[in-house]
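**Q** Would you mind keeping the following structure in view while I ask a few things?
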Number of protein chains: 2
Amino acid sequence: MKIIKGSICTPKGFLAAGVHAGIKKKTHKKDIALIYSQKLAAAAGVTTVNLMKAAPVILTEKFLTSGYLQAIIVNSGNANACTGDKGMQDAETMAATTAATLNILPDAVAVASTGVIGVPLPIEKVIAGIKNATQHLSTHDEDAANAILTTDTFVKTCAVACEINGKTVHIGGIAKGSGMIHPMMATMLAFMTTDLAIAPAVLRSALIEANEDSFHMITVDGDTSTNDMLLVLANGMAENPEISTTTSAAYQTFTAALKFVCIELAKKIVQDGEGATKLIEMNVTGAANKAQARQAARAVCRSSLVKSAVFGEDANWGRVASALGTAGVELDPNKLTVALDHLVLLENGVPLPFDEAIASEILKEKNIIFNADLGVGTATATAWGCDLTYDYVKINASYRS
Amino acid sequence: MKIIKGSICTPKGFLAAGVHAGIKKKTHKKDIALIYSQKLAAAAGVTTVNLMKAAPVILTEKFLTSGYLQAIIVNSGNANACTGDKGMQDAETMAATTAATLNILPDAVAVASTGVIGVPLPIEKVIAGIKNATQHLSTHDEDAANAILTTDTFVKTCAVACEINGKTVHIGGIAKGSGMIHPMMATMLAFMTTDLAIAPAVLRSALIEANEDSFHMITVDGDTSTNDMLLVLANGMAENPEISTTTSAAYQTFTAALKFVCIELAKKIVQDGEGATKLIEMNVTGAANKAQARQAARAVCRSSLVKSAVFGEDANWGRVASALGTAGVELDPNKLTVALDHLVLLENGVPLPFDEAIASEILKEKNIIFNADLGVGTATATAWGCDLTYDYVKINASYRS
């Protein structure tokens, strides 16, 4: 597998567009993204577990049952969540308008939305925006990557190539954050494309596996969105023999590459968490099982106190120990070990004297790594988060205005 | 029941002291508190569920098994948590020193600590401070209420009197916050005294009941402390016939009064949450059962996005709906109703147009009330939290310095 430039239009047969439709107040900001595959593509998705699911999430879940999609239409600036019957009608209108303009089936168009909750979509502007976007489809993917953003400060893209059964297969993806990020079986918005030939059920298995160690392991603020959606479209244009089982070497190769792209995009989301200045990586070892390792790693990344300490570059490791202690997982207080990067601070439950100057140097970095061993088993997991800053509060105290 | 002035020394036979021992850096700040009952008292406690329990918590749990205590010794400025064997020895030294100076049994002295985690106690200073505190015991309770504080900005006290079986019974309490507050079956530090005569097992039942609707229902930052401890001492000096069953009218009267004191103290903790400018009250109705009602109410108070919106006085009610949707409880998206105080914003899943000017007026208040009906049952609960502000980040970015 090698990392290459590009994103969703790197795999063969995918086109994209991003335009400004006037949903966002600022006139120059793009707010409609369109992703289109020249061939009907096997599709899989993971969506939010929030019970207050947005209308586009409910509609897309319905369309995903067929296992095939050909386009994804996305608006930013309005989540179309908690919007009642009108919300569902608007989501259906988005799919229908896209399908009619592209001359494809309406139920082959996934719909995604992100932005403020509880405000009806300005549907006339959205319709005009969709029609405009279809006129701008190209292999230039930066506009679509831009058009899905809200409070994000940079576009999140990734692409890789790998050899599968003698064919070069490409995977590309785009994602957005950057608040209300605490994915549970899903994420905010992330769209992946590949020219791989793969059966829908197998694609779904690969996506779930990749998601578990990537989007599922990040948190910005502990709030799980109403609109989380992770989609992958595989159009088969790499011309490899279709992958039809999860036991093949080809499946393993593809899933590893897909997971790599997912982790890269997931880390970019937390790097660009609302107000964030630092990325936190929490490595847990010695857990009783995989689920507990994940839970422990996520609990530390979620702790407001750990996040604030990292922002303040304060080696307050006791907060990491405390967060692990309430993570709801098994641990041995007399075996717990906590380290800031290579600097061991607590070993087998006993605090070690440490050089504040060395800790201070480590905490000046942009990427802060904590390592903890729970002392009860052999399972491991890594989670990623970001610091809690004045700017997080500022951004979220005035989101609507 | 009537509310009266005072706190822990209002019930008959209780004395208290608060002195500066030099654990806190600032020379004028009190950091040792002592509470003493002239008679051995029935005692009950609830302590943290954090697996990284502090040494004083472990020791006090052991002493509580007898059902009787006569004193509580507390230090602030150092949590004596994650401090290994030395931490346990230090906690035992605190109990032994207090007992020897007061000439009571060592296992009748509860020990509590609060402050930074993972730093050994300056035990010589603590010993000197305890001896000094015993010289200053009096019915003046303000010093003890002060000495248990850390980042708190005001003392938290409450006292009530009620008639039980022809006798006037008093209940007094003090508490402290104000960060790492997300009590699970416990709270930070809260100490209650009463001159009621009551059997230890019955006192424990009353405390658990009172705690469930008070300390258990508050959150400042979603982080559960290593040191949470709620204790009540009942010395019988009101001379009522001892309450020996949970089915008596006397038990009901006492528990209601105890719950009132607990709720008052709990609300003061969130009012004084680190950096807080506003108290948030979340009332949930229509839940499937009591446990789910509690969980839903707490989830909203924990949401960083809801907290930031309240700080910014932004009527971003969609975040309340979203937090309810991921609270892990049953709700009906088509019946969910959300109101800001009396202003209904979402009714049966449909957003209502609302007057921003009215919302803005409500949000200028110090106490912000949200009401939500989940539409699936009849259970209710109330939780309390506070807003997320620049000052929370500031306080916690530099706690150790």
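Just so you know, all these numbers are worked out from the coordinates, no wet-lab data involved. None of the values given here were measured: they were computed from a predicted structure. Using ideal geometry, Cβ is built from the backbone for each residue, glycine included, and neighbour counts are taken over all protein chains shown.
**Q** Along Cα-to-Cβ, 7 Å out, sits the label point; list in nm, shortest first, how far the one on B:SER138 is from those in the other copies.
**A** For B:SER138, the inter-copy label distances come out at 8.2 nm.
**Q** With +1 on each Lys and Arg Cβ and -1 on each Asp and Glu Cβ, and nothing else charged, work out how big the dipole of the stretch B:2-271 is about its Cα centre, in Debye to the nearest 20.
**A** It works out to roughly 540 debye.
**Q** Given an 8 Å cut-off on Cα distances and at least 6 residues of separation, report the relative contact order of chain A as a percent.
**A** Relative contact order for chain A comes out at 17 percent.
**Q** May I ask you to report, in nm to one decimal and beginning with the shortest, the distances from B:ALA249 to the same position in the other copies, taking label points 7 Å along Cα-to-Cβ?
**A** Spacings between copies for this position, smallest first, are 8.5 nm.
**Q** Based solely on its DSSP helices, what 222 nm [θ] is calculated for chain A when runs of n ≥ 4 H residues each add -39,500 (n - 2.57) and the sum is averaged over all residues, nearest 500 deg cm²/dmol?
**A** -10000 deg cm²/dmol
**Q** Under the convention of a label 7 Å out along Cα→Cβ, give the distances in nm from B:THR65 to the same position in every other copy, shortest first.
**A** 5.8
**Q** Taking the convex hull of the Cα atoms, report for the stretch A:264-401 its projected area averaged over all directions, in nm².
**A** 8.4 nm²
**Q** Residue by residue through B:348-355, how many Cβ atoms from other chains fall within 10 Å of the Cβ on average?
**A** 3
**Q** Is there a simple number for the mean count of other chain Cβ atoms within 10 Å of the Cβ of residues in B:216-227, and what is it?
**A** On the way: counts 0, 0, 0, 0, 2, 6, 8, 10, 6, 4, 7, 1.
What the average comes to for B:216-227 is 4.
**Q** In addition: In nm, to one decimal, how far is the A:ILE4 label point from the A:THR139 one, both placed 7 Å along Cα→Cβ?
**A** 1.0 nm
**Q** Now for a different question. For q values of 0.10, 0.13, 0.14, 0.19 Å⁻¹, compute log₁₀ I(q)/I(0) with the Debye formula on a Cα-only model of the stretch B:30-147, without solvent.
**A** -0.26, -0.44, -0.52, -0.99
**Q** Taking +1 at the Cβ of each Lys and Arg and -1 at the Cβ of each Asp and Glu, which of A:LEU352, A:VAL320, A:SER244 sits farthest along the dipole of chain A towards its positive end, judged by Cα position relative to the Cα centre?
**A** Farthest along the dipole direction, towards plus: A:SER244.
**Q** Would you mind giving the mean number of other chain beta-carbons within 10 Å of the Cβ of each residue in B:285-297, as a whole number?
**A** Across B:285-297, the average partner-chain Cβ count within 10 Å equals 0.
**Q** Another one. Which residue in B is nearest the B/A rotation axis when you measure from the C-beta atom, and what is the distance in Å?
**A** Here the value is B:TYR390, 2.
**Q** Summing +1 for each Lys or Arg and -1 for each Asp or Glu, what net charge is found among the other residues whose Cβ lies under 11 Å from the Cβ of B:MET237?
**A** +1
**Q** If only Cα atoms are counted, what is the Rg of the stretch B:95-232, and what is its Dmax, in Å?
**A** Reported Rg and Dmax, both Å: 16.2, 50.
**Q** Follow-up question, since we're still on this one. Please identify, among B:ASP391, B:ASP221, B:ASP90, the residue showing maximal mean-square fluctuation in a Gaussian network model of chain B using a 10 angstrom Cα cutoff.
**A** B:ASP391
**Q** Using the Cα atoms as the points, what is the convex hull volume per residue of the protein assembly as shown in Å³?
**A** With only Cα atoms used, the protein assembly as shown gives 149 Å³ per residue.
**Q** Still on this model: Just the Cα atoms of the stretch B:2-271: what Rg and Dmax do they give in Å?
**A** My reading of the Cα-based Rg and Dmax gives 16.6, 50 Å.
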